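Here's the structure, in structure tokens; my notes come after.
The values are calculated or read from the model by the stated rules, or taken from the named source; none is laboratory data. Keep in mind the model is a prediction, meaning the values are calculated, not measured. Note: ideal-geometry Cβ built from the backbone for every residue, glycine included; neighbour counts use all protein chains shown. Note: accessible area is taken over every heavy atom of the protein model, side chains too, but ligands, DNA and RNA are not part of it. Shrake-Rupley method; radii C 1.70, N 1.55, O 1.52, S 1.80 Å.
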Amino acid sequence: MAPGGSILSSRFWVGAVLAKKSIGPVRREFVPWENSDHPPFIEFRGVTKKFGEFVAVRNLSLKIYEKEFFALLGGSGCGKTTLMRMLAGFETPTSGQIFLDGQDLAGIPPYRRPSNMMFQSYALFPHMNVEKNIAFGLKQDSMPAREIEARVSEMLRLTKLEQFAQRKPHQLSGGQRQRVALARSLAKRPKVLLLDEPLGALDRKLREETQFELMNLQEELEMTFLIVTHDQEEAMTVADRIAVMDKGELVQVATPAEIYEAPNSKFVADFIGDVNLIEAKVTGKSDAGTRLVSVVDGFVIDSDQETEAGLGETVWYAIRPEKVRIAQGRREEGQVNQIDGLVWDIAYLGDVSCIHSKVGEDDHDTIRATFANISRMVENPITWDDEVVLSFNRDAGVILKG
Amino acid sequence: MTRGPTWFNITSLVLGFSFLYLPIVLLVIYSFNESRLVTVWGGFSTKWYASLLQNEQLLDAAWVTLRVAFASATIATVLGTLAALILVRSGRFMGRSLFSGMIFAPLVMPEVILGLSLLLLFVAMGTARGFWTVMLAHTTFAMCYVAVVVQSRLVGFDKSIEEAAEDLGCPPVKTFFLITLPIILPGVIAGWMLAFTLSLDDLVIASFTTGPGATTLPMKIYSQVRLGVTPEINAVCTILVGLVTICVIAASLVTKRQQVQRERDERAAFGADG
Ligand SMILES: Nc1ncnc2c1ncn2[C@@H]1O[C@H](COP(=O)(O)OP(=O)(O)OP(=O)(O)O)[C@@H](O)[C@H]1O
Ligand SMILES: [Mg+2]
């Protein structure tokens, strides 16, 4: 775990469980990374990859566990594909080691590695039909013909491609091709499946369907999945854990809920989802938490979090828009966690509305609050230039350094 | 704006094509001439084709030519394909532009110079000139054409298709034969046919590099014509024209198909909705 994630140490978790509190809904009881004795299935140990002078991956260490669905998330060019290609064997690390199931992968060519990759471009063999594409990997293992046939039809059924078995790739739609690529990489039942932006070309609906298909498959076949994606929603949907990368380094590795609710840095908070970042000075520290005073407008924030920052230091208070309540009126004198604002902009998004309120002199000093549109009609709705009060709970935000 | 062809355009088209093809058409027509005189029409007959079969010398020359063309086209295709692979695949290496320049230079080199230099080489090496030297000479210059044709096919090739094969457990050499070669095959076939045709009708290089007992058909025809054109020559030329035409049409059909296929493959490989 990255150093900044200290509030999520096991102590915190034990406490959270005792208090029947947890971050987000619990999907499944699968937390091998909590146990330091649990041997990792894939391990990057101090891996660096340079292309000439350019450092694509910098001294990266990472453990991924058996049967885990692990997502790599990060901006364009941050080294996700490079990391995956090193695991598949298409790139050699400049330094560092990669282990798979306890075995050092150095010097093992791609065709002898127990991982299979689903390419972003699908990379289907254009001169073979769907069936032959799927059977290709099995033939390389000289599997008996009858078993190959059985496996191929199983894969066709799984990916709902039965009626396309005899078609060539160019006779398929984008979504069908993507499923062929998936079936082909799954057919060998690899210990590790690498998915490089596998759903990038699909429309939203097909994408969501396939995400759930992938999750079911992964649970059914008990394989380890490593998925690269640009799309944070996708990562949060499918993954047990997410690694956020920036410029070839890991910034945070944690469960989707932890990443969202307890980002360890401004970068992660900003990268995942929408966030209000409030610059503030630490004015008080106690066992019960921390008191901050905003640099803009001087309102007081009372947080239940502890911080390493000393008194008088400047920190960032990150709070998600959906955790900010908004009401017409002014704040009560002497109240904490309340901010006076002026409605600046309103976005109606159907399921939710987002209101930007100006809290300082500068046009950029706005705080966003979103709320679910629970009723179809609203009496006396908030509108432009309304005076509003923004409020939030003590445990709504996180304190981040620099 | 509809502007049909003007009289001027039509006339120049007709003149141009007549200039190109009239001699060949005449040659074909006169190969079916009954009369022995080349310029007088004496009625339709195929007897010169029959008498061709009796002409041992011409048949020998034809047999030599076919063997040379087949062997040189095949070797040139293997070497040219390898050269194209290296040029496209190996990224930047020392002397890469020199290498690619050298591959393509023979395309524009005058044949006389190529023939002469090869002759000098064979003489210097003390090689007995004959079938093998002609074959080698043809391989040399046909290889460049093959390299160009195959290279055009390789440029649009998505490397991740090969990586996918290796990822699925297929070693590199096997990947070449199972994946790469089938995909570039139309280019390779077109290259072979081009090499075959080039060798078939080459006169200059063959004259320089051949020796006794390995006279090719174009050389034979050329030397016979100096003694006077016979209807037999017309017949053999007609056959040659037919053969070359078939090769060229086949090669262009394959190339055409390759283009269509490539567009489809690209769409397939890059996952665009189609
Ligand atoms: N073969 C290469 N030669 C030189 N530089 C490379 C090579 N491959 C990747 N890079 C560089 O390494 C960096 C990381 O590339 P990588 O493909 O891993 O990014 P990525 O995180 O997958 O980005 P994206 O999300 O856009 O796919 C990029 O800046 C890229 O330009
Ligand atoms: Mg990438």
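Okay, here's what the table says:
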item	result
Test result for A:Arg157, in a helix (DSSP H, G or I), at the interface with another protein chain (Cβ under 9 Å from one of its Cβ atoms) and of a type in the set (Lys, Arg)	no
The listed residue being away from ligand 2 (no atom under 16 Å from the Cβ), more than 23 Å from the chain's Cα centre (by Cα) and crowded, with 20+ Cβ neighbours inside 10 Å, out of A:Gly96, A:Gly102, A:Gly107, A:Gly89	A:Gly89
Region A:168-182 - residue that is free of Cβ contacts under 8 Å to residues at least 60 places away in the same chain and within 24 Å of the chain's Cα centre (by Cα) and, of those, farthest from the other protein chains (Cβ to nearest Cβ)	A:Arg179
Identity of the residue in region A:218-242, among the hydrophobic types (A, V, I, L, M, F, W, C) and open to solvent by 10 Å² or more (accessible area, probe 1.4 Å), that ends up farthest from ligand 2 (Cβ to nearest atom)	A:Leu221
Top-ranked residue in region B:163-194 [being more than 10 Å from every other protein chain (Cβ to nearest Cβ) and out of contact with any helix residue (DSSP H, G or I) (no Cβ under 9 Å at 6 or more places or on another chain); ranked as nearest to A:Asn133 (Cα to Cα)]	B:Phe177
Matching entry among A:Lys80, A:Lys67 (being assigned by TED's automatic domain parsing to the domain that holds A:Pro198 and away from ligand 2 (no atom under 13 Å from the Cβ))	A:Lys67
Test: residue in region B:132-150 that is outside any helix (DSSP H, G or I) and either more than 22 Å from B:Val64 (Cβ to Cβ) or small (Gly, Ala, Ser) (or both)	no
So A:Glu313, is it within 26 Å of the chain's Cα centre (by Cα), charged (D, E, K, R) and closer than 24 Å to A:Leu400 by Cβ	no
Residues being away from ligand 1 (no atom under 16 Å from the Cβ), farther than 30 Å from A:Gln176 by Cβ and more than 8 Å from every other protein chain (Cβ to nearest Cβ) - total across region A:96-124	11
Residues satisfying the stated conditions in region B:183-216, i.e. part of a helix (DSSP H, G or I) and open to solvent by less than 10 Å² (accessible area, probe 1.4 Å)	B:Ile184, B:Gly187, B:Ala190, B:Gly191, B:Ala195, B:Ser199, B:Leu200, B:Ile205, B:Ala206, B:Thr209
Selection from region B:221-235 of residues that are in a loop (DSSP other than H, G, I, E, B) and over 16 Å from B:Val40 (Cα atoms)	B:Arg226, B:Leu227
Close pairs (7 angstrom Cβ cut-off, 6 or more residues apart or separate chains): open to solvent by 40 Å² or more (accessible area, probe 1.4 Å) in region A:186-209, within 16 Å of ligand 1 (Cβ to nearest atom) anywhere	A:Gly200/A:Gln120; A:Ala201/B:Gly271; A:Arg207/A:Leu199
Which numbered condition A:Val359 misses (of (1) over 20 Å from A:Ser265 (Cα atoms); (2) among the aliphatic types (A, V, I, L, M); (3) open to solvent by less than 20 Å² (accessible area, probe 1.4 Å); (4) at pLDDT 90 or above)	(4)
Which numbered condition B:Gly228 misses (of (1) more than 14 Å from every other protein chain (Cβ to nearest Cβ); (2) surrounded by 18 or more Cβ atoms within 10 Å (Cβ to Cβ); (3) small (Gly, Ala, Ser))	(2)
Subset tally (residues that are part of a loop (DSSP other than H, G, I, E, B) and near ligand 1 (Cβ under 7 Å from one of its atoms)) for region A:76-95	4
Counted residues, region A:326-355 - those being surrounded by 16 or more Cβ atoms within 10 Å (Cβ to Cβ) and closer than 17 Å to A:Asn373 by Cβ	5
B:Thr46 vs. criteria of a type in the set (Ser, Thr, Tyr), closer than 30 Å to B:Glu232 by Cβ and open to solvent by 80 Å² or more (accessible area, probe 1.4 Å)	no
Residue that is surrounded by the fewest Cβ atoms within 10 Å (Cβ to Cβ), among those in region A:51-74 that are near ligand 1 (Cβ under 9 Å from one of its atoms) and over 24 Å from A:Phe30 (Cβ atoms)	A:Gly52
Residue that is farthest from the other protein chains (Cβ to nearest Cβ) [pool: residues in region A:191-205 that are within 16 Å of ligand 2 (Cβ to nearest atom) and of a type in the set (A, V, I, L, M, F, W, C)]	A:Leu195
Positions within region A:298-309 being surrounded by 15 or more Cβ atoms within 10 Å (Cβ to Cβ) and over 14 Å from A:Gly397 (Cα atoms), in sequence order	A:Phe299, A:Ala309
Breaking point among (1) in contact with a Lys or Arg (Cβ under 7 Å, 6 or more places away or on another chain); (2) surrounded by fewer than 22 Cβ atoms within 10 Å (Cβ to Cβ), for A:Gly248	(2)
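To keep it simple, each residue is scored yes or no on (1) in a helix (DSSP H, G or I); (2) modelled with pLDDT under 90.
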| residue | (1), (2) |
| --- | --- |
| A:Gln97 | no, no |
| A:Ala106 | no, no |
| A:Asn116 | no, no |
| A:Ser121 | no, yes |
| A:Asn133 | yes, no |
| A:Ser153 | yes, no |
| A:Ala181 | yes, no |
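The rows are residues; the columns are (1) open to solvent by less than 10 Å² (accessible area, probe 1.4 Å); (2) among the small types (Gly, Ala, Ser); (3) at pLDDT 90 or above.
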| position | (1), (2), (3) |
| --- | --- |
| A:Val244 | yes, no, yes |
| A:Gln252 | yes, no, yes |
| A:Tyr260 | no, no, yes |
| A:Asn264 | no, no, yes |
| A:Val282 | yes, no, yes |
| A:Ala288 | no, yes, no |
| A:Leu311 | no, no, yes |
| A:Trp316 | no, no, yes |
